[in-house]
Structures are given as C-alpha cells and as structure tokens.
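First the structure, in the form of structure tokens, and then the observations on it.
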Amino acid sequence: MPTLRAGLRPALVLAGALVAAACAPQLGPGVQGTIDVSNGRPALELTYLGSGGWIMSAGAEQVVAGPLFTNPSFLRTGLMAIEPDTILIDRYMGQHDVSDARVILVGHGHYDHAMDVPRVAQRHAPEARVLANRTTANLYGTWSGLAERMDVTNGHEGTVQRAGRWFTYGPRIRVMPLRSRHAPHFDGLTLYQGTADIPRTSAPRSAGEWLDGETIAFLIDFLDGQGAVEYRIYYQDAVVAAPWGFAPDDLIAEHPVDLAILVPATFDQVDWHPEAFVENLRPHRVLLGHWENFFVPIYEQTKAVMLTDLSHFERRLTRVFDGEWWRPEIGTVFRFPIGG
Ligand SMILES: [Zn+2]
C-alpha cells in the first residue's frame, strides 16, 4: 500500500490544483519587476509600495502617497492595540530614496493610509509636507511632530462642477484635492467612520481610533518649465460612489488624465465603479492599487483583499476601458513616457 499511497498523493495534489485553478478567478495582467514603456523618452516613474502607497517621480520631483508597511492582522485591527512597526517601515521605505519628496498625500485617516506616515515623513522624507484632511491632521496632533508640516484640504476640494484649490509644491508639482467619500467595507457598513475635531496629544492606539474624516481623492500635475501640464495623475485611496471623487469636467477637457490609480477593494459596495471614473477622467492608462490582502505581513502578500471579487472588477474595467492597465505586485516600477 505504501506505493499506492505514494502514487496517490501527487494525483490528489494535481486534482486539488486543477479544482483550485478552475475555481480561482482569472486575474488580469498582474505584474512585477519593471514595466518600462517609455522607449528611452523622459518618463514619469511610479513605484507601488502596497496598500495606498506609491512613489511618483518626474526627474527630481517626487510625490509619495501614504504607504502601509505595518499590516496588523485582521484580529489585531478588530480587538487589540496597533502601532507602526518602525523596523518594517524603515526596511521597506529604506529601499527607496524619497529624501527629496515634496509632499505625502493621505486621502483619509484610516490606519491603512495614515498610521505609518509619521515615521515615513520623519525618517525618510524629511522635506515633504503632508496633504490630508483635517481629521488626519488632528489625529497626528501634537505627538507626531508633523503639525508644522500639514496642509489641510477641508474647504479646498474640487468637484465635478468646479475646480478646487491647487496646492503647489516647488515649481513643478501641484495637487488638487477632490471631494470624495469612503465606500462601505461590507454590507453597507463603513468601519472607523467619523471626524477628529481636536488635535490629539498621543498616537491613536487602535484601528477604531484612526477615523476617516472627509475622504478625498487627488489630481496631481507635474508641470513643465512654463507651468503647463506635462503629466496628470488621478489618485484615489478608497472606492467611492460617483460622482463623489470625480475631477472637474473643465480641467479634464483641457488635459485628460494620463494615469488613473484606481482602487478595486470593496468596489461592489457602490454602483459604477470603475465605469464612471473611466468616463470622467478619460485616462490614458490605469493602475490598480490597494488590491492585495494587507492583513498579512507585507513580505508574505500573495492574495487579493478579502471580500472583493477582483476578477469581476477587472472584467468590468476591460469592458469600458481599452487602454493599457496593470495590477502590480508590491515593488513594481513603471516608467511611462511624459507626453504620450
Ligand atoms: Zn479606508
């Protein structure tokens, strides 16, 4: 019988693999490494850091979108204290030079977008300002050392009908916050909802204390020497029901979005995500961010975020969008030609 068992085991493994393959959703072009479509031309370079985290660079000009490296477990976010893992943050952020970054963008105050930012800003991006909503600024309060570096978006958000304020960072970067919302996590329920109205004197201690505040998306322009738009990026760090999160129609008519960074996680909690955003932004290319399971350690990530049918999102995207798009693994670098 030992021989039969020995032969049976690979067969069972194979059968299991076939069943798993048949059941596994067919995912789109997941990628890793370097995707360079610039053909040697000046390029906009993007690096995916995981969760909502990105580095966006044009030459020496750099924008960072709030990363998460700590990845507390699901149990911990529900029941226990959480805090930034500074060793992991330094190990992962330290792989990239963001020492000259001009601004760090945070779309809302949830821990998976805001918790690791103070360490990143203090240790790795000391020149950067932090653009975020008032709740996030109040969560950072007086303990984080960021009070003097905050730019608060409230009252300055653009909508589909009218432009908001451009925040400028050096001669080549401007960023407009866009009024958005935060889609429910599941069954119509949004976790950690609310505002922080006074500056905290100590760090939030649990996931529940990292409140979202007024969620925003961002329009990010890299400008040429004459102040004209060279490259336009749309960035969201939460799914939202359109037309919340839209960019102003007039601005898009002048210069459509070169690259839209869209979030699939929990997209099925709202209608017409991503279709409405493809129509509003008219993007040339699309990247998916915040798609992976961030409840497991960052060095183990392999699976799509819980509760989201990623393949369904990707099918819907391809139905309305015929340009290039990718779903990057953490660490993937993209190089897109500026002006094409
Ligand atoms: Zn959130």
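Derivation of every value follows stated rules applied to the coordinates shown; laboratory data play no part. The model shown is predicted, which means the values in this text are computed figures rather than measured ones. Quick reminder, even Gly has a Cβ in these numbers, built from the backbone with ideal geometry, and neighbours come from all protein chains shown.
Averaging the sequence gap over all C-alpha pairs within less than 8 Å and six or more residues apart, then dividing by the number of residues, gives region 26-151 a relative contact order of 20 percent. For the chain, the longest principal axis of the C-alpha atoms and the axis of helix 2-23 are separated by about 40°. Fewest to most neighbouring Cβ within 10 Å: what's the order for 153, 168, 135? Going from sparsest to densest Cβ surroundings: 168, 135, 153. When only Cα pairs below 8 angstrom with a gap of at least 6 residues are kept, region 115-240 shows a relative contact order of 27 percent. Each residue of region 38-49 was assigned a 3J(HN,Hα) from its phi angle through the Karplus curve 6.51 cos²θ - 1.76 cosθ + 1.60 (θ = phi - 60°); the sequence is 7, 6, x, 7, x, 10, 8, 10, 10, 10, 8, 9 Hz, with glycine and proline shown as x.
According to the Cα-based calculation, Rg over Rh for region 40-126 is 1.01, with Rh computed by the Kirkwood formula. Compared with the dominant Cα axis of the chain, that is its longest principal axis, helix 310-320 is turned about 60°.
Quote the relative contact order of the chain in percent (integer), defining contacts as alpha-carbon pairs under 8 Å separated by 6+ residues.
22
Highest mobility in the GNM of the chain, judged by mean-square fluctuation with C-alpha springs under 10 Å and restricted to 290, 273, 108, is found for 273. Over all directions, the projected convex hull of the C-alpha atoms in region 33-337 averages 14.3 nm² in area. For residue 141, neighbours were defined as the other residues whose beta-carbon sits under 15 Å from its Cβ, and their charges (Lys and Arg +1, Asp and Glu -1) total +1. Estimated from helical segments only, the mean residue ellipticity of the chain at 222 nm is -6000 deg cm²/dmol, where each DSSP H run of four or more residues counts as -39500 (n - 2.57). Listed values for region 115-126 are Karplus-derived 3J(HN,Hα) couplings in whole Hz (6.51 cos²θ - 1.76 cosθ + 1.60, θ = phi - 60°), namely 5, 8, 5, x, 5, 4, 5, 6, 8, 10, 10, x, and x replaces Gly and Pro.
The fraction of all Cα pairs in region 153-218 landing in successive 5 Å bins from 0 to the largest distance is 4, 14, 18, 17, 18, 16, 9, 3, 0, given as whole percents.
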